[in-house]
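The values are calculated or read from the model by the stated rules, or taken from the named source; none is laboratory data. Values in this document were obtained by computation on a predicted structure and should not be read as measured data. Glycine gets a Cβ as well: all are built from the backbone with ideal geometry, and neighbour counts include every protein chain shown. Calculation scope for accessible area: heavy atoms of the full protein, side chains included, ligands and nucleic acids excluded. Shrake-Rupley method; radii C 1.70, N 1.55, O 1.52, S 1.80 Å.
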Amino acid sequence: MTVQDVRAFNRFYTGVIGALDYERHLYAPYTLTEARVLYELAHAPYLDAADVRGGLGLDAGYLSRILSRFEEDGLVRREPSQDDPRRRRITLTAHGRETAALLDERARESVAALLDGVAPADRARLAEAMRTIRDVLGGQKRAADVVVREPRAGELGWIVQRNGALYAVEYGWNAEYEGLVARIVADYAEDHDPHLERVWIAELAGRPVGCVMCVRDDAPGTARLRLLLVEPEARGHGVGDRLVRAVIDFARGAGYRELVLWTNDVLGSARRLYQRHGFVLVAERPHRSFGKDLVGQDWRLTLRGPGE
């Protein structure tokens, strides 16, 4: 990517923004910046001037003039902060909340009109491209920002879709693999014991970026780790470690003696992750699956001895 690429995109995007007529219609009689300040105030219990200034990167004098105008229009109240009397707490009045809601509704309607011209099949691609730009330019993610939780409605389907799509892109695997994942997920959804089997979703910035399953194996006292996946943009932030640790802790707490998994030798990052958590390679076999010649691997982790 070059500077020219970024500038060309900026020219295109500002043209789209101009087409939405933000300054002259959507936020009248306020400017885009003033409307953004109103939006921030409407979506927090309360803020002080320093919070708003830091969050939006505004000059202190400029923000002070905006808040003075809001006071004159009856949109906000400014009073000493309860936590720090040196700071000024800012809250919206009833009129301020109504104004913020009106401006927000105008913006929603205009964006909806813009999306009406986008084919339904292209909307997911457009949303993903927007998320990618935010992720890449928005700074480093922290492992502490990742939430590992149980799946919500519809997210078992996400596991199937992302496994199929990601392994097709990264390893060239065909639909046979997606079919395998679909059967694994369907078996879990139709019949599982929540005390002995579980699924986890890793969430970052409000959307899923990883998953893993723990299910009963055919061998007594043995659990199986399945379908570990971490989205490319979330790698390097400890997401895989947290998902594998969740499975190990759950399996140990559920009373399993061993935890096993099957993977392929081409998945180097996953294999190194399993090794870090104490898994040992116990068998390898070549096979033809998913449209590729692969080497399957069985890994095992002992959770407790026979007498424990």
### Nearest 10 degrees, 0 to 90: helix 155-171 Cα axis against the chain principal axis
80 degrees
### Query
Points 7 angstrom from Cα along the Cβ direction at Ala60 and Ala205: gap in nanometres?
3.1 nm
### Query
Got a sec? Charge dipole of the stretch 189-308, +1 on Cβ for Lys and Arg, -1 for Asp and Glu; which of Gly238, Ala223, Asn264 is way out at the positive end?
Gly238
### Message
Between Arg69 and Arg276, what is 0.36 nm times their sequence separation minus the Cα-Cα distance? Round to one decimal in nm.
### Response
68.7 nm
### Message
Can you give the FRET efficiency to the nearest 0.05 for Ala28 and Gln4, using r as the Cβ-Cβ distance and R₀ = 35 Å?
### Response
0.50
### Task
Give, in whole angstrom and from largest to smallest, the semi-axes √(5λ) of the equivalent ellipsoid of the chain, with λ running over the eigenvalues of the Cα gyration tensor.
49, 25, 17
#### Entry: Under Karplus coefficients 6.51, -1.76 and 1.60, residue-wise ³J(HN,Hα) of the stretch 188-193 in Hz, glycine/proline x
5, 5, 7, 7, 8, 9
### Query
Where the accessible area of the chain is counted over protein heavy atoms with a 1.4 Å probe, how much of it, in %, is carbon and sulfur?
52 percent
### Task
Could you size up the charge dipole of the stretch 177-253 around its Cα centre, putting +1 on the beta carbon of Lys and Arg and -1 on that of Asp and Glu, and report it in debye to the nearest 20?
280 debye
### Query
Hey, rough spin-label estimate for Arg252 and Asp145, points 7 angstrom out along Cα→Cβ, what's it come to in nanometres?
3.0 nm
### Task
Please check the chain for the longest run free of trypsin sites (Lys or Arg not before Pro) that are loop-located per DSSP (anything but H, G, I, E, B) and have at most 10 other Cβ atoms within 10 Å.
143-308
### Task
For a label point 7 Å from the Cα of Tyr171 along Cα→C-beta, name the residues of the stretch 216-233 whose backbone N is under 17 Å from it.
225-232
## Note on the structure
Counting only protein heavy atoms and rolling a 1.4 Å probe, one gets per residue an accessible area for the chain in Å² of 58 Å²
### Query
Helix 239-253 versus the longest principal axis of the chain: what angle, 0 to 90°, nearest 10, using Cα atoms?
50 degrees
### Task
Using 0.36 nm per residue of separation minus the Cα-Cα distance, give me the extension gain between Thr222 and His195 in nm, one decimal.
8.3 nm
### Query
Do you know the relative contact order of the chain, to the nearest whole percent, from alpha carbon pairs under 8 angstrom that are 6+ apart?
11 percent
## Note on the structure
Quick shape check on the stretch 172-308: root eigenvalues a ≥ b ≥ c of the Cα gyration tensor, a/c under 1.5 is rounded, otherwise prolate if a/b tops b/c, else oblate, and it reads rounded
